[in-house]
Amino acid sequence: MAAITRAGMIRSLFTGLAAGLMTAKAAQAQAGKPHRLVIHVDQNDQAVMNLALNNANNLLDYYRDKREDVEIELVAYGPGLHMLRQDTSPVKDRIKELADVSFPSKVVFSACNNTKQAMEAREGHPIPIVPQAGMVPAGVVRIVELQEEGYSYVKP
């Protein structure tokens, strides 16, 4: 009976070691993967824009302290495009500052081209976008694509 108990203990020990190794490998694989977040801005409201930038900045600070990578994309469309308009943005200085301090992490600002074209047609002149932002065909499509790629979603 002692042999069975000893064999059972050895089997349990090996099972425990195998489970531990699998957990360690999973944690190691997760450690190399960046945290990814899309922040959705669709309001022409300075408080909402500042909250979105605060969310991004807090996330950067948190993971930088943990020495972990983070990728953040702020997507602005509809009235929220004013956040990324050079001529009307109440937060363009904060956008520049955040873009400047984000390295080595990645912060991307995406402006909706559908909204930009509609604003240009309505206002009758070209709409300048802050230099830190890139254009995407449609803001809502970009958000869907990022979520399909595993990005977490926040709407301040």
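How many residues are farther than 19 Å from Glu120 by Cβ, of a type in the set (A, V, I, L, M) and in contact with a helix residue (DSSP H, G or I) (Cβ under 6 Å, 6 or more places away or on another chain) if we restrict to segment 82-97?
Summing the residues that are farther than 19 Å from Glu120 by Cβ, of a type in the set (A, V, I, L, M) and in contact with a helix residue (DSSP H, G or I) (Cβ under 6 Å, 6 or more places away or on another chain) in segment 82-97 gives 1.
Within segment 141-150, is there a residue that is over 13 Å from the mean Cα position of the chain (by Cα), modelled with pLDDT of 95 or more, closer than 19 Å to Asn44 by Cβ and not aromatic (Phe, Trp, Tyr)?
No, segment 141-150 contains no residue that is over 13 Å from the mean Cα position of the chain (by Cα), modelled with pLDDT of 95 or more, closer than 19 Å to Asn44 by Cβ and not aromatic (Phe, Trp, Tyr).
Return the only residue of Asp87, Asp45, Asp61 being at pLDDT below 95 and surrounded by fewer than 20 Cβ atoms within 10 Å (Cβ to Cβ).
Being at pLDDT below 95 and surrounded by fewer than 20 Cβ atoms within 10 Å (Cβ to Cβ) holds for just one of Asp87, Asp45, Asp61, which is Asp61.
Can you tell me how many residues in segment 137-154 are loosely packed, with under 15 Cβ neighbours inside 10 Å, in contact (Cβ under 8 Å) with a residue 24 or more places away in the chain and not acidic (Asp, Glu)?
Number satisfying all stated conditions: 5.
Any residue in segment 85-97 that is assigned to a helix (DSSP H, G or I), under 21 Å from Leu146 (Cα atoms), assigned by TED's automatic domain parsing to the domain that holds Ala118 and more than 17 Å from the chain's Cα centre (by Cα)?
No, segment 85-97 contains no residue that is assigned to a helix (DSSP H, G or I), under 21 Å from Leu146 (Cα atoms), assigned by TED's automatic domain parsing to the domain that holds Ala118 and more than 17 Å from the chain's Cα centre (by Cα).
Taking Phe109 as meeting all but one of (1) of a type in the set (Phe, Trp, Tyr); (2) assigned to a loop (DSSP other than H, G, I, E, B); (3) under 18 Å from Leu51 (Cα atoms), write down the number of the exception.
Every condition holds for Phe109 apart from (2).
Please count how many residues of segment 42-58 are closer than 19 Å to Gly139 by Cβ and of a type in the set (Gly, Ala, Ser).
Adding up the residues that qualify gives 2.
Condition test on Val141, is it of a type in the set (A, V, I, L, M) and assigned to a helix (DSSP H, G or I)?
yes
I'm checking my understanding of the structure. Among residues of segment 64-84 that are surrounded by fewer than 16 Cβ atoms within 10 Å (Cβ to Cβ) and assigned to a helix (DSSP H, G or I), which one is farthest from the chain's Cα centre (by Cα)?
Pro79
If I filter segment 53-85 down to residues being without any contact (Cβ under 8 Å) to a residue 60 or more places away in the chain and among the hydroxyl-bearing types (Ser, Thr, Tyr), which single residue comes out as nearest to Pro104 (Cα to Cα)?
Among them, the one singled out is Tyr63.
The values are calculated or read from the model by the stated rules, or taken from the named source; none is laboratory data. Worth saying up front: this structure is predicted, and the values here are computed from it rather than measured. Using ideal geometry, Cβ is built from the backbone for each residue, glycine included, and neighbour counts are taken over all protein chains shown.
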